[in-house]
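The values are calculated or read from the model by the stated rules, or taken from the named source; none is laboratory data. Since the structure is predicted, the reported quantities are computational estimates derived from the model, not experimental observations. Backbone-built Cβ (ideal geometry, glycine too); neighbour counts: all protein chains shown.
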Amino acid sequence: MISGISPIGGAGASSLFESPAKVGEAGPTLDFGASLAKALSNAASSAIGTLQNADQVSMKALQGGDVTTREVVDAVMSAERSLQTAIAIRDKIVTAYLEVSRMAI
């Protein structure tokens with residue numbers, strides 16, 4: 001059964017409404033450069049893992065292993081999507097770098 005919705009400020013209110021921030025109070029800091037580098041590193045690692053998996057599945061199939069054609073096709077298509085995504089991200093980064101380098105200081 002669906003329970004009722006509590007009003008703002010009631011027992012179920014979130015901390016956002018219960019303790020508003022004071023004017024001039026600093027919030028948590030975020031190092032954008034480090035988080036971007038970590039996100040790109042994770043994406044690259046994931047793409048490499050996908051490509052290696054496709055390579056292993058393909059080699060296993062060529063060696064006569066117990067791999068179906070569908071598994072090979074799925075692995076290769078997944079690797080292709082990962083590679084296309086990595087290339088698109090690289091292109092966006094290069095484009096952004098070129099735009100920033102053209103800016104007048």
Complete set of residues in region 64-105 that are closer than 12 Å to Leu51 by Cα and of a type in the set (Phe, Trp, Tyr):
none
When residues of region 65-79 are filtered for being without any contact (Cβ under 8 Å) to a residue 12 or more places away in the chain, surrounded by 11 or more Cβ atoms within 10 Å (Cβ to Cβ) and part of a helix (DSSP H, G or I), how many remain?
3
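Residue by residue, here is whether (1) farther than 26 Å from Ile93 by Cβ; (2) at pLDDT below 95 holds:
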site	(1), (2)
Pro28	yes, yes
Leu36	no, yes
Ala43	no, yes
Ala47	no, yes
Gly65	yes, yes
Thr69	yes, yes
Met77	no, no
When you go through Ser82, Ser41, Ser45 one by one, which is the residue that is touching a residue at least 24 places away in the same chain (Cβ under 8 Å), in a helix (DSSP H, G or I) and within 20 Å of the chain's Cα centre (by Cα)?
Ser82
